[in-house]
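Read through the structure below, which is laid out as structure tokens, and then see the notes.
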Amino acid sequence: MKNLTKIAIAGVGTVGQGLIDLIFKDNGRNKKKFNIEISAIASRRKLKLSKKNLSNTKIFKDASSLLSFDDYDILVELIGGEDGVSKNIIFDAIKKKKNVVTANKALVSKHWKKIKTLCNQYDSSLKFEAAVAGGIPIIKILNEFLKSNNIKRIYGILNGTSNYILTNMLSTKKNFSEILQKAQKLGYAESDPTFDINGIDAAHKLSILSAIAFDIDANLSDIFVEGISEMELIDLMYAETLGYKIKLLGMSQIKNNNIFNFVYPCLIDFRESIANVDGVYNGIVVESDFCNKSFFQGEGAGSNPTATSVFSDIINISNNHSNKLRNPKEKKKNQDISERFGSYYLRFTTIDKPGVISGISQEFKKNKISMKSMLQKDNKPEKSKNATIVVTTHNCLERNMKKALKKINKLNFVLKNTVVIRIESLK
Ligand SMILES: NC(=O)c1ccc[n+]([C@@H]2O[C@H](COP(=O)([O-])OP(=O)(O)OC[C@H]3O[C@@H](n4cnc5c(N)ncnc54)[C@H](OP(=O)(O)O)[C@@H]3O)[C@@H](O)[C@H]2O)c1
């Protein structure tokens, strides 16, 4: 018989309830099979559990009560928030030499160094599989399966809410705010969706993936972040005409000992597997020296997949399986976005008159930018003399592109600031 593992659960919301359901499903099969006892639950909500199942469980109304409770082996923190009570109980548990499982990407990303130091000092482990892409076991893949390989680059769609919005804008031909409202009604976006749509949630996850893949410390401030809140339907449609999908992509890669981490919306060739990860799904690609390109797809969030991730960490710890956070081997220099060398999608709104294309071309030439394709449509429905010109470019430096656009946006025939979206070649 497996040794008894006592867990204390802090927070019974979407993920916490999923975990309880998973433990007790099929007449408590998982509870018996893995010999788990819930020795404490801290919940502000009324628990949906029979008295029989709670006979050995101490119930607290507030998670801070766990600070003076220590009859557990693993603290399972499912409250959220990068500081406050979550941080207090996690740090307290580590100092009590307990292990911790959390789904809290914001906290893990922010306190990476401190967590690492404390875990090493107190010989505890903290696991966070559920913090990145709920239904994809990407932390275990990096820490175990691919540990023998050198990772070259890792990228993916890390935020299900923004992926749902982009996918549905295109399929229903509706604008950003209409689809955001729909996502909120369906529970795919929170009432405050800021972190999802401004890219910060994806950046939290990317900072964790990057730290594990490249043995560095997680650092949000090293990531260039742009979200999707400015995205217009017309650009999703033009991108489709050109053979691309627009996705909010997070990427971490090492080039010449420099690390380049970003989260931004970009055009991806529709033939790439990641371009076809739609709706609330997440997709992650890892490129490594012995496995080449590995692609993983799964539900990015939600009660059940996330609970599955949390439970897998609990089993790992109860099997004495620990992956210590390691100190970086060497400091990597961070590459600035202005050094990006890639191609671009540009949408110009101009007066429809001769000389427009040559005016744009002149600024391109001065900044070593060459056009790859051009599409021009008159905006006939507006019955105006405006023209929309969509251009894709060959690879150029981002700082050159910025310089050119600064000049182009001031030309007298340009009516609106030019829309610029990066094209990401994943070859
Ligand atoms: N939801 C997902 O799909 C998902 C996926 C991956 C990771 N995560 C992460 O998982 C964590 C939990 O997310 P969630 O979606 O389950 O959040 P949630 O539904 O808001 O649940 C959090 C629960 O914690 C409770 N709580 C807050 N402060 C407390 C305290 N001091 N003592 C006891 N309980 C307290 C809340 O109470 P009230 O009900 O009173 O607010 C709520 O019931 C977060 O770190 C999140 O980023 C979530």
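When restricted to residues that are crowded, with 20+ Cβ neighbours inside 10 Å and not aliphatic (A, V, I, L, M), segment 317-331 contains 1.
Scanning segment 58-90 for residues that are under 29 Å from the mean Cα position of the chain (by Cα) and either at positive phi or surrounded by fewer than 15 Cβ atoms within 10 Å (Cβ to Cβ) (or both) yields 80, 81, 83, 84, 88.
Kindly indicate whether any position in segment 225-232 is more than 15 Å from the ligand (Cβ to nearest atom) and over 12 Å from residue 265 (Cα atoms). No: zero hits. Selection of segment 238-261 for residues being of a type in the set (A, V, I, L, M, F, W, C) and either loosely packed, with under 14 Cβ neighbours inside 10 Å or part of a strand (DSSP E or B) (or both) yields 246, 248, 249, 251, 254, 259, 260. With the requirement that a residue be out of contact with any Asp or Glu (no Cβ under 8 Å at 6 or more places or on another chain) and within 16 Å of the ligand (Cβ to nearest atom), what does segment 268-282 give you? Correct list: 279 only. For segment 340-356, a residue qualifies if it is surrounded by 15 or more Cβ atoms within 10 Å (Cβ to Cβ) and either in contact with an Asp or Glu (Cβ under 8 Å, 6 or more places away or on another chain) or not assigned by TED's automatic domain parsing to the domain that holds residue 413 (or both), and the qualifying residues are 340, 342, 345, 347, 352.
If the condition is being within 32 Å of the chain's Cα centre (by Cα) and of a type in the set (Lys, Arg), then segment 389-414 contributes 399, 402, 403, 406. Taken over segment 401-427, the residue count meeting the criterion of being surrounded by 19 or more Cβ atoms within 10 Å (Cβ to Cβ) and among the basic types (Lys, Arg) is 1.
For segment 13-20, does any single residue satisfy the condition of being under 15 Å from residue 308 (Cα atoms), outside any strand (DSSP E or B) and hydroxyl-bearing (Ser, Thr, Tyr)? There is at least one residue in segment 13-20 that is under 15 Å from residue 308 (Cα atoms), outside any strand (DSSP E or B) and hydroxyl-bearing (Ser, Thr, Tyr). Restricting attention to segment 67-90 and to residues that are part of a helix (DSSP H, G or I) and farther than 18 Å from residue 313 by Cβ, the residue that is farthest from the ligand (Cβ to nearest atom) turns out to be 68.
The values are calculated or read from the model by the stated rules, or taken from the named source; none is laboratory data. All values derive from a computational prediction rather than experimental measurement. A quick note on method: Cβ atoms are made from the backbone with ideal geometry, for glycine too, and the neighbour counts reach across all protein chains shown.
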